[in-house]
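Beneath this line is the structure, given in structure tokens, with notes to follow.
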Amino acid sequence: MSEYILEANHLTKTYTQRSGRFGFGKSSVKALNDVSIKLRTGKTLAVVGESGSGKSTLARCLLQLQSIDSGEVIFSGKDLAKLDAESLRSVRKDLQMVFQDPFASLNPRMRVGDLVGEGLLIHGLGNAAERQTKVIAMLNRVGLTEADMQKYPHEFSGGQRQRIGIARALVLQPKVVVCDEPVSALDVSIQAQILLLLKELQQEMALSYIFISHDLRVVRHIADDIVVMHQGQVVEQGKVADIYEQPQHTYTQNLLAAIPGKKVVNG
Amino acid sequence: MSTAQPLLQLQHVSISPKKSPSRLLVNDVSFSIEAGKTTCVVGESGSGKSLTALSVMGLLSQQLQLNTGKVLFNDKESGVQDIALLSEKALQKIRGAKIAMIFQEPMTSLNPVLTVGYQIGESLTTHLGLKGEALKAKIAALLEMVGIPSSRAGSYPDELSGGQRQRVMIAMSIACEPRLLIADEPTTALDVTVQAQILKLLDDLKARMNMGMLFITHDFGVVADIADNVVVMFRGEIVEAGSKAQVLSNPQHPYTRALLACVPDAEGKKDLKPIDYAWLPENNTQSIGAVR
């Protein structure tokens, strides 16, 4: 197995907005400006930054949920940006995403069993009985029960919904999972449960994570490597321990200094 | 009493739905806040921390009632009064003027079709009768005080960033120089760097105006930065209360310890532990057993 499972080189993405009087003018924002990252196989790469830093755009561009202007995304020897729709779909089985808002990311009119099994159905994996077995096994693994298959998302709490979101992503046995702020909408007690679940699943299923977050305390616990983004650019990257102990860039230093309760926690 | 009456004192406050008075959402909550001090109420969703704060403002929803207990507010002019017994008219004189509140989500608590200057000015006109140039000057001064250029008074909320909107909310709340400021998770929706600025601003204003502050949060990091005293709530009850040092460094109640154990630290040294409810009494409807 190669050292890096996913590589992105020199990604750029520009958003253009109408502006000025009657929208005749144009203004553009560089959401990604020459961004390169490497995800080590079986590891967790955290992408941190404030809102507007481009970290969610990066996540979406890696999975080709958004087109990129230039650059390449290499996964198992192929440049995802150059694939046609058909081959992209087959690759997507290996690249899954866990979304931030467990309230908005699950279709309220679908039962949990169908939500979790949808990916299997789309990729034509197994017959109905096999799919059901897989869904039940996955639900059990994330701490839900077989009976939950018949329920709708609104019957669950925020933490449970995030478990459903995780089950939905992992039932396909992907290789890379992009987690976009998976715990930032959750209470601190639930957050700990979900972080531990993600860590355990990583071990069991040999997953590599890209973990988007603005909470540096959470990142410290889950990540191996870290990329710090600011205004669409990578300002610093490296091993988590190195960056936390010796941040080189002023922006990283500011971010670390802003962690609430640092004095007490460090003391 | 030998000591001076605190600014705010909650005595055995219980809140329940009007339709089922036996279902206590907040159960026998007592604590007090002194002028110039910050009390943090910490707890998970559903612990009753926001309801407690709303009862201080007399803002409980129609479906809820204050079963028992007193909410004693010590006002220089009118002395100690029980907010729970005041009429809506009397409450309106206190709200905004003596007790003000900052809400969690600045986008939904600001009116999108009015300029921020107008919204800050509303309470000044209502409570202090300011008009014209004097009003304009006061609005400008308030904006500058929270770190927004006074030229932004004519801006609408959608033209401001999240941090600026929260600053506008703060400017609105301190406009009439309240004695007590209630902040319900004011920084939860903000980036860490902006959060740090807002916390600093609140702390400075508190000191400058000698306000008491009731600060609701679920983040122990924020508690460590801003609190003087801490109240930990769980399922409607106070499980532990005390000074910041006491509660954070030497927690007595198993729930406080469990809650602290699941807060990630910036060093990554400790292992995260999800809350283990093994200490709960078999029958969850029983009292949890406070440690004070």
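The values are calculated or read from the model by the stated rules, or taken from the named source; none is laboratory data. Worth saying up front: this structure is predicted, and the values here are computed from it rather than measured. Because the Cβ atoms are built from the backbone with ideal geometry, glycine has one as well, and the counts that use them run over all protein chains shown.
Of note:
- Strands (runs of 3 or more DSSP E) contained in segment B:1-81 and holding at least 3 residues free of Cβ contacts under 8 Å to residues at least 60 places away in the same chain: B:8-17, B:64-75
- Residue in segment B:74-93 that is within 30 Å of B:Leu248 (Cα to Cα) and assigned by TED's automatic domain parsing to the domain that holds B:Asn27 present: yes
- Of all residues in segment A:21-37, one or more are touching a residue at least 40 places away in the same chain (Cβ under 8 Å), within 17 Å of A:Val219 (Cα to Cα) and assigned to a strand (DSSP E or B).
Quick grid of which residues meet (1) within 12 Å of another protein chain (Cβ to nearest Cβ); (2) touching a His at 6+ places or on another chain (Cβ under 6 Å); (3) touching a residue at least 24 places away in the same chain (Cβ under 8 Å):
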{"position": "B:Leu202", "(1), (2), (3)": "no, no, yes"}
{"position": "B:Gly212", "(1), (2), (3)": "no, no, yes"}
{"position": "B:Phe234", "(1), (2), (3)": "yes, no, yes"}
{"position": "B:Glu237", "(1), (2), (3)": "no, no, yes"}
{"position": "B:Ala245", "(1), (2), (3)": "yes, no, no"}
{"position": "B:Gln252", "(1), (2), (3)": "no, no, yes"}
{"position": "B:Tyr255", "(1), (2), (3)": "yes, no, yes"}
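- Selection over segment A:171-210 of residues that are crowded, with 23+ Cβ neighbours inside 10 Å, part of a helix (DSSP H, G or I) and away from chain B (no Cβ under 14 Å) gives a count of 0.
- Residue selected from segment A:222-251 under the condition assigned to a helix (DSSP H, G or I) and buried (at least 22 other Cβ atoms within 10 Å of the Cβ), by the criterion nearest to the chain's Cα centre (by Cα): A:Ile222
Residue-wise test of (1) modelled with pLDDT of 90 or more; (2) not small (Gly, Ala, Ser).
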{"position": "B:Gln11", "(1), (2)": "yes, yes"}
{"position": "B:Lys18", "(1), (2)": "yes, yes"}
{"position": "B:Ser22", "(1), (2)": "no, no"}
{"position": "B:Ser32", "(1), (2)": "yes, no"}
{"position": "B:Lys37", "(1), (2)": "yes, yes"}
{"position": "B:Ser55", "(1), (2)": "yes, no"}
{"position": "B:Gly69", "(1), (2)": "yes, no"}
{"position": "B:Lys89", "(1), (2)": "yes, yes"}
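- Some residue of segment B:200-208 being more than 22 Å from B:Asn229 (Cα to Cα), crowded, with 23+ Cβ neighbours inside 10 Å and out of contact with any Asp or Glu (no Cβ under 8 Å at 6 or more places or on another chain): no
- The residue that is farthest from the other protein chains (Cβ to nearest Cβ), among those in segment B:176-200 that are touching a residue at least 60 places away in the same chain (Cβ under 8 Å) and hydrophobic (A, V, I, L, M, F, W, C), is B:Cys176.
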